[in-house]
Amino acid sequence: MKTLFRITIAALIVATAAGCDAFKTLNNSKKSAQGKPYELIVVCPQAEWTGEVGDSLRAIFTTPVPYLNQIEPIFDVLRVTERGFTGMVADHRNILKILVDPELKETTTAVQYDVTSDPQIVMTLQGPSDGALVKYLSENRENLVYALEKAERDRAVKANETYGNPGIESAILKTFGVEMKVPKGYTLAAQKPDFIWARNEYPTASQGFFIYSYPYEGKQSLTEEALVAARNKYAAQIPGPSEGSYMITSDAFAPDYRLFRMEGRLWCELRGFWDVHGDFMGGPFVSYTTVDTATNRVFTLDCYVYAPDLNKPRKRNYMRGLEHLLYSVRFPRQ
């Protein structure tokens, strides 16, 4: 079936019950979800896991994240059998169940939220045969990944709103007239009339973002070449570790450039690698650019990660934590 998700009757009953006070009381008493961000528990029988179904699942959910300078999967997949799906495992934040039943007439995916813990997503993929499941996975791979990634993103956005950083948020609003939620941990490293730089330093890694704005001069302002040139101009204001060094866009690999719309607004995405001119540092970056039509200026949110220790937490999680910032950007209504 090419339909994204068909919610089962049981799931609909749960959703309907969410409106009653008794259900709310029960929901409030749920345990906190277990597991790390971008971990996925796959509940799958041994026969399917060692066959084509398992091959398809691994090809989808452990495919490498693009534009990281090391190989990391989009999800850390942990497989268990139905017998092992108990206790804390059943309270995991991300769960995908695989069910094969010859009596089923079609292959579907049911999606439930906060079943035994909060926040939690439980997806149940069921079909009449292994072949039917493999076909469904092939046709719906992007939708399945999107649902799980969106669940993680929604958690992060909610956390950013709950545990905000009023100082930096106020600086962004004052400088650009734009609202944006920034989580705790970031410090304001630089602020100028058209530029803000904030960073979050860890013992073995660094997350940072900088925002800049400049006059919009027509469509040529949004070409890949123009965006890279603008990035290099403003990234030069981020100093490196040695005297006279500064951030630049790496030319070893051309950045990936794409356009997308979010809530009706056109954005340009650049995803690639950064280096330090005059020193030996680098890592992945992603930038998001749009036009603030109220001021006729280009607005860019640029995010970068430095994490040289391969044995420490995933670069993937650092990058995605930064990517989630985009979903809290709010321009004034016109």
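The values are calculated or read from the model by the stated rules, or taken from the named source; none is laboratory data. Keep in mind that what you see is a predicted model, and the values were worked out from it rather than measured. Cβ atoms come from the backbone with ideal geometry, glycine included; neighbour counts cover every protein chain shown. Side chains are part of the model used for accessible areas, which takes the heavy atoms of the whole protein and leaves out ligands, DNA and RNA. Shrake-Rupley method; radii C 1.70, N 1.55, O 1.52, S 1.80 Å.
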field: Charge dipole (debye, nearest 20) of region 108-250; +1 at Cβ of Lys and Arg, -1 at Cβ of Asp and Glu
entry: 260 debye
- request: Which order do the peptides 174-180, 317-323, 207-213 take when ranked by the mean count of other beta-carbon atoms within 10 Å per residue, highest first?
  value: 207-213, 317-323, 174-180
- prompt: What accessible surface, in Å², does a 1.4 Å probe find on residue 233, ignoring ligands, DNA and RNA and rounding to the nearest 10?
  reply: 130 Å²
query: Can you give the helix-only mean residue ellipticity at 222 nm for the chain, where every DSSP H stretch with n ≥ 4 adds -39500 (n - 2.57) and the sum goes over all residues, rounded to the nearest 500 deg cm²/dmol?
result: -9000 deg cm²/dmol
- line: Filtering GluC sites (Glu not before Pro) in region 238-318 by DSSP loop and by at most 10 other Cβ atoms within 10 Å leaves 243, 263
message: Skipping prolines and chain starts, which residues have an amide H placed within reach, meaning under 5 Å, of the one on residue 39, given they are 5 or more residues away or on another chain?
response: 76
task: Compare the Cα positions of 277, 293, 138 along the charge dipole of the chain (+1 at Cβ of Lys, Arg; -1 at Cβ of Asp, Glu; about the Cα centre) and return the one farthest towards the positive end.
output: 293
- request: Could you give the size of the charge dipole of the chain about its Cα centre, using +1 on the Cβ of each K and R and -1 on the Cβ of each D and E, expressed in debye and rounded to the nearest 20?
  value: 680 debye
task: Go through 165, 102, 236 and say which Cα lies farthest out towards the positive end of the charge dipole of the chain; charges sit on Cβ, +1 for Lys and Arg, -1 for Asp and Glu.
output: 165
field: Inter-site label distance for residue 83 and residue 71 at 7 Å from Cα along Cβ, in nm
entry: 3.3 nm
query: Among bridges DSSP assigns within the chain, what percent are antiparallel (round to 5)?
result: 75 percent
query: Between residue 279 and residue 174, what length in nm is gained on full extension when 0.36 nm per residue of separation is reduced by their alpha carbon distance?
result: 34.4 nm
task: Among (1) 19.5; (2) 22.1; (3) 20.3, find the value of Kirkwood radius over Cα pairs in Å that was calculated from the structure presented, and write down its label.
output: (2)
field: Heavy-atom accessible area per residue - region 89-239, 1.4 Å, Å²
entry: 47 Å²
statement: Rounded to a whole number, the Stokes-Einstein D of region 28-74 in µm²/s (Kirkwood radius over Cα pairs; 10 °C; 1.306 mPa s) is 122 µm²/s
field: Computed lengthening from residue 101 to residue 46, 0.36 nm per intervening residue step minus Cα-Cα distance
entry: 18.3 nm
- prompt: In whole Å, what is the distance between the alpha-carbon centres of region 77-100 and region 103-136?
  reply: 12 Å
field: Column: log10 I(q)/I(0), Debye, Cα scatterers of region 213-288, q = 0.25, 0.28 Å⁻¹
entry: -1.19, -1.34
field: Magnitude of the charge dipole, region 257-306, Cβ model with Lys/Arg +1 and Asp/Glu -1, debye to 20
entry: 260 debye
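Roll a 1.4 angstrom probe over the protein heavy atoms and tell me the percent of accessible area of the chain that is carbon or sulfur.
55 percent
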field: Estimated FRET transfer efficiency (residue 30, residue 243; beta-carbon r; R0 51 Å; 0.05)
entry: 0.40
